[in-house]
Amino acid sequence: MFTGLNTPEDYFRVIKNHKWLIIVPIVLCVALAAALCQWLPKTYRSSTVLYFESQKVRYVKGVDAPEAGVEKPDAAMAARLEVMKEILYKQELLTQVAEEFHLYGYDKQTTTPAQDERIASSLRSVVYIAPKDITLVNVSFVYAEPTIARAVLARLAALFVEENTRSRSAITQSSAEFIQHELDALKMLLEAKEQALALFKQAHLGQLPEQMDSNVRAIDRLESEAMSQQESEKAVNLRLESVDKAIREYEDPAGDGDPTRASKDPRLARIKELERKLAGFLSAYKESYPDVAIVRNEIKKLQTMTTEDYIALFIDQETGEVGDLKSGRRKLADPYKRELLKQREDILREKELVRLRQARIAADIKKYESRIEGTTVHQQELMSIQRDYENLQKSYQGLLEKKLTVGMAGDLDLKRQGTQMRVVEPASLPSWPEKPNLMLVMLGGLAVGCALGVGGAFGIEIMRRGYVSAEEIEMALGLPVLAAISQFESAWPGVAKASAWEARHQDRLLALPGLMKGGASLPQQSPVTVAPELVAMWYPRSAVAEQYRVAATRLGLIAGKQKGTVVCMSSALMSEGKTSTALNMAYVLSRDLNRKTVLVDCDLKRPTVRAYTGMESTAGLTEVLLGHKTLDECLEYHEQLGVWVLSAGIEVTGTTALTHVDRLSELIQGLRERFEYIVLDSPPLLPVAEAMLIVRMADVVVHVIRARSTPRDVVANAIKMIGQERAVAVILNGVEAKDTPYSYYNYSSKVYESHNQQLLR
């Protein structure tokens, strides 16, 4: 994700840096737009306005309004526009206008039908219809000649008004004839369907859906009556059993042996028989039933009599003797038995009546159930007939309404009271071409130029692979940035590149007095030249040198007060300024911060420290690791730098001497005892495998990133390889001087020149 544009200052910087890339496309695009306007053919638009005069009576359903009494402007205008297009876009009307004005070289006598269609199609493409409001419609015509455009449009508007009137009348007449024909046919179908419906209802009387409820209620009533008859039957059966039992007791001559008093006492037996009869009546009838009252009276009468009085009622009137008890009972029983038999016959007749009622009820229930079943069977057929009838009726009613509507519309048109159309604004004479639109084209050219210029400028910025500022690195990586170092050439005033300056002043570069071997005090006689990349020494008052001092100070804060801090200067790739940064940092730590510092060149395959410092010795780290020489033999003191230097030694290929990890660890541990800072110039992390061994032995890793160059994903991979076991900081190298916020230092070119002249004297 691109994160280089985070503040308004970043956007202004991009615009300032690429101002010509923005200005040139804008100027070119505007010039091309102006030329295009002169080259393109011009067209003129003539316009007229037509007014829809609403009908002078209230809207009727189907006449210019979709609903009775309710005007829907949008729907009405849409319908009017469709009608206008149908009329104006007719081939006959368009070819007539083309012939009158000789448009597109049209000649009625020589053209073919295909040419007529082509001419009509061309005219349709330049005739425009658009609503202006709910009653006004704008019609326009576009042509290369303004006078012809106005004349053609005026003729089109006149022809349209005439054709609209004729078409409305023709449509009304044809619609009326069609509707009448449909009404006649629909009426015959409706009458036939009415007859079919009546015949069906007559044939299935009692089985119609509307009779379903009455049938169900009848069944419910009959079922209730059947339950009542069942209760009556139970009561009759109980009475019959009681009478039969009394008859059996009478016919049983061994009645004297019956222990019960009722079987011996005829009065009590009669009372019991009457009570049973009363219970049967009450189960079937109410208290007001006559038989109930008769039985109750008889029971009361018997209860007031004694047994002797009851027997006396049956004494032989001829002899006047009662006789013995058995003979008296016999005389008593004869009329009693007759009474019992008579009661039995009555009960049997009553039972038969109950049975007949039950049979009648069952037959009625079956009849009504059959009706309900028939209703279910014939319901779908009846619904189909009714549905067809209702649909026909609706269609017939709708056609009647349409007939009335069409007739009214015709009357309105004849009386000029319907919706009319007239021209309210005549065709205009255009004074300025519609196309090309000069202002629009120029604005378009300006917009395209701005898009190309600004887009190109910001596209270049976005497509940059590297980081630009320290803030960007801190946001993306979450690591502290020690300093943002501008290009070292910026410290050399009046020259474009350091190499050019070096070539002019090679003979006047300061010669160092010499080197001290192994800490010896004897100077060497061979002069040593330090590369111009050592800005901290050559130009200590420059902004670049100041940033190296800032970086060294922040490094000290990160390292703390531990003894013998190992600082590994790393980079993801080659040519990122890692060695020059290590050299300047070692110089600042030693000279400015007064820290005893040693610089170790650990890049054994591509050593550069010796070349940067001007040292001539060849022995170094490789010889120490291989055991060919001791550390003191290879360690050299650079007097002008104030830094001890352990060069890489002889260059190696293939398997390096750094595989002697134990020896390297012991070497660094020995340096910890002798120096405050051990600066390791590591090989790049990604292409060289030995770099990880060096990084792991450091206390602080200073990762150098070249601005606008090192790809972001490469930096991320390198940081991931370093890990989180040790402190990691970043130095952004190669930043453009104008992108650095150091103007407040007032390090002007005159100050640089003054200082440089002093150095060269």
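Read-outs throughout are calculated quantities, based only on the coordinates presented, and are distinct from any laboratory measurement. Source: prediction; values computed, not measured. Glycine gets a Cβ as well: all are built from the backbone with ideal geometry, and neighbour counts include every protein chain shown.
For Val566, the residues 5 or more places off, or on other chains, whose built amide H falls under 5 Å of its own are Ile678, Asp699, Val700.
Determine, for His703, His628, His181, the number of other Cβ atoms within 10 Å of each Cβ, and report the residues in order from fewest to most.
On the way: His703 27, His628 14, His181 11.
The order, fewest Cβ neighbours first, is His181, His628, His703.
Scanning residues 5 or more positions from Ala483 or on other chains, those with amide H under 5 Å from its amide H are Leu732, with H placed 1.01 Å from N in the peptide plane.
Give the order of Cys568, Cys37 when sorted by the count of other beta carbons within 10 angstrom, beginning with the fewest.
Working: Cys568 26, Cys37 19.
The fewest-first ordering by Cβ neighbours comes to Cys37, Cys568.
Which net charge results for the neighbourhood of Pro41, defined as the other residues with beta-carbon distances under 15 angstrom from its beta-carbon, given Lys and Arg at +1 and Asp and Glu at -1? Write down the numbers at each step before the final one.
Working: positive: Lys42, Arg45, Lys435; negative: Glu145, Glu434.
Net local charge, Pro41 excluded: +1.
Arranged from highest to lowest average of other beta-carbon atoms within 10 Å per residue, in what order do the peptides 393-401, 683-691 appear? Mind dumping the intermediate values first?
Working: 393-401: 13.9, 683-691: 19.1.
Ranking, from highest mean packing down: 683-691, 393-401.
Computed from backbone phi, the HN-Hα couplings of the stretch 359-366 come to 5, 4, 4, 4, 5, 5, 4, 4 Hz, rounded to whole numbers (Karplus: 6.51 cos²θ - 1.76 cosθ + 1.60, θ = phi - 60°; Gly and Pro given as x). Across the stretch 221-230, coupling constants 3J(HN,Hα) worked out from phi with the 6.51/-1.76/1.60 Karplus curve, θ = phi - 60°, read 5, 5, 5, 5, 5, 5, 5, 5, 5, 5 Hz, and Gly and Pro carry x. Taking other C-beta atoms within 10 Å as the exposure proxy, Leu238, Leu382, Leu156 rank Leu238, Leu382, Leu156 from fewest upward. For Ser571, nonlocal amide neighbours, meaning residues 5 or more places apart or on other chains whose placed amide H falls under 5 Å from its own, are Leu685, Val704. The string of couplings for the stretch 445-460 from the Karplus curve (6.51, -1.76, 1.60, θ = phi - 60°) is x, 5, 5, 5, x, 5, 5, 5, x, 5, x, x, 5, 6, x, 4 Hz, one whole number per residue in order, with x for Gly and Pro. Net charge of the neighbourhood of Glu651, taken over other residues with C-beta under 14 Å away and scored Lys/Arg +1, Asp/Glu -1, is -1.
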